[in-house]
Amino acid sequence: MNNDPRILVTGATGNVGREVVAQLLDSGVAVRALTRDPGAARLPEGVEVVRGDLADPDSLRPGLTGVDAVFLIWPLHTAEAAPAVLDLVGGHARRVVLLGTGALADFGFDRQRDLLARSAASWTYLRPSTFAANALWWVPQIRRGDVVRGSHGALGMAVLHERDIAAVAVRALTEDGHDRASYLLTGPRVLSQAEQVRVIGTAIGRPLRWVELDRADAREQLLADGIPLSFVDVLLDGYASMAAQPPAPVTTTVQEVTGRPARTFLEWARDHAADFQPRPAAAR
């Protein structure tokens with residue numbers, strides 16, 4: 001394995017970024033991980049960890065030195081710095097893979113892709129369906145009991161395992177044939193939020209059920225569950241918009257790119273079963 005950093009991974013301590021780091025290492029690729037707090041990052045041995053903040057484009061320059069490719073994720077709740085970041089990354093790296101976000105009302109998928117295409121010579125754009133990991137928002141409720149309260153319980157989503165997102169990203173970062181490609185990634189089937197809750201129950205061995213709330217109560221529940229205030233109304237508006245449209249298509253892109261079918265939500269729930277279990281009481 002080449003010890004010189006070749007691929008920079010942003011969001012390296014998040015759900016998807018950790019998987020990208022792990023799968024790159026498994027492929028024998030040298031990895032440099034970007035994080036705002038290197039001292040707190042728990043990443044595998046052999047990863048070079050560097051400090052950087054996407055909200056401050058100039059802070060990225062040291063981490064971009066000597067990098068061939070970049071995996072870029074946009075976890076911020078504002079897109080103000082995005083054009084400058086994309087220009088900077090595209091000017092340093094031969095190849096850029098951007099994981100799109102639907103979390104910003106003023107930074108839609110088309111604009112994200114267009115900025116990427118303008119900034120990078122070689123690029124791949126990943127447009128994901130709903131992350132399966134969004135179900136972790138329900139952890140506080142499920143740890144307390146057998147009911148999950150929220151809005152739009154009937155809303156169907158082709159939820160996507162973070163390992164599958166990472167697998168596509170790693171191939172786009174390390175293989176030819178993905179230049180200027182836009183990939184719509186989904187899980188293998190559509191599940192409503194209420195169905196997702198029941199599947200989590202199956203994975204953890206407890207019968208769980210969904211209770212529907214109106215918007216005002218759902219907003220309070222999301223805030224109580226730890227969703228940032230800046231994102232709560234964006235999320236609820238997104239649910240309402242999705243509910244008013246035909247169901248999103250299910251794609252086979254994960255299998256076409258990686259050679260294996262997308263993982264089911266039950267697989268995801270089993271992988272994360274421990275997250276939903278009540279924490280043991282502190283020893284007295």
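Where a number appears in this text, it was derived from the coordinates with a stated rule and is not lab data. The model shown is predicted, which means the values in this text are computed figures rather than measured ones. Neighbour counts are summed over all protein chains in view; Cβ atoms, including those assigned to glycine, are modelled from backbone coordinates with ideal geometry.
Observations, loosely collected:
- Residues of segment 21-59 with amide N under 17 Å of a point placed 7 Å along Cα→Cβ from Glu80: 53-59
- Against the chain, whose longest principal axis comes from its Cα atoms, helix 229-243 is set at around 70 degrees.
- In percent, rounded to a whole number, the relative contact order of segment 7-128 is 21, using alpha-carbon pairs under 8 Å and six or more apart.
- Given (i) 40, 24, 17; (ii) 32, 21, 19; (iii) 44, 23, 17, the label whose value is semi-axes √(5λ) of the Cα gyration tensor in Å derived from this model: (ii)
- Taking the chain and dividing mean pair separation by its residue count, relative contact order in percent (alpha carbons under 8 Å, at least six apart): 17
- Summing +1 for each Lys or Arg and -1 for each Asp or Glu among the other residues whose beta-carbon sits under 11 angstrom from that of Leu266 gives +1.
- Residues Val97, Val232, Val148 arranged by fewest to most Cβ contacts within 10 Å: Val232, Val148, Val97
- Remark: Tyr239, Tyr183 ranked as Tyr239, Tyr183, counting other beta-carbon atoms within 10 Å and listing the fewest first.
- The distance from the alpha carbon centre of segment 1-79 to that of segment 153-210 is 23 Å, rounded to a whole number.
- Backbone HN-Hα couplings from phi across segment 94-106 [Karplus 6.51/-1.76/1.60, Hz, Gly and Pro as x]: 5, 9, 10, 10, 10, 8, x, 10, x, 8, 10, 5, 9
- Taking Lys and Arg as +1 and Asp and Glu as -1, the other residues whose beta-carbon sits under 15 Å from that of Leu222 total -4.
- Charge context of Pro207, other residues only, Cβ under 12 angstrom, K/R +1, D/E -1: +2
- Here the Gaussian network model covers the chain, with springs between Cα atoms less than 10 Å apart; of Pro207, Pro75, Pro188, Pro207 fluctuates the most.
- Percent RCO, i.e. relative contact order, over segment 89-153, from Cα pairs under 8 Å lying at least 6 residues apart: 32
- Rounded to the nearest Hz, the phi-derived 3J(HN,Hα) couplings of segment 78-83 under the Karplus curve 6.51 cos²θ - 1.76 cosθ + 1.60 (θ = phi - 60°) are 9, 9, 3, 8, 4, x, where x marks glycine and proline.
- Base-10 log of normalised Debye intensity for segment 7-128 (one unit scatterer per alpha-carbon) at q = 0.22 Å⁻¹: -1.37
- Candidates Leu34, Leu229, Leu136: whichever shows maximal mean-square fluctuation once the chain is modelled as a Gaussian network with Cα springs under 10 Å: Leu229
- Cα-projected label distance for Arg51 with Arg144, points at 7 Å along beta-carbon direction, nm: 3.8
- The length gained on full extension between Phe231 and Arg36, counted as 0.36 nm times the residue separation minus their Cα-Cα distance, comes to 68.1 nm.
- Tilt relative to the chain, helix 215-224 - C-alpha long axis, 0 to 90 degrees, to 10: 60
- Loop-located trypsin sites (Lys or Arg not before Pro) across segment 17-51 with a Cβ neighbour count of 13 or fewer within 10 Å are Arg42, with loop assigned by DSSP.
- Ranked list, fewest to most other Cβ atoms within 10 Å of each Cβ, for Phe131, Phe265: Phe131, Phe265
- With respect to the chain, whose longest principal axis is taken over its alpha-carbon atoms, helix 109-119 is tilted by about 10°.
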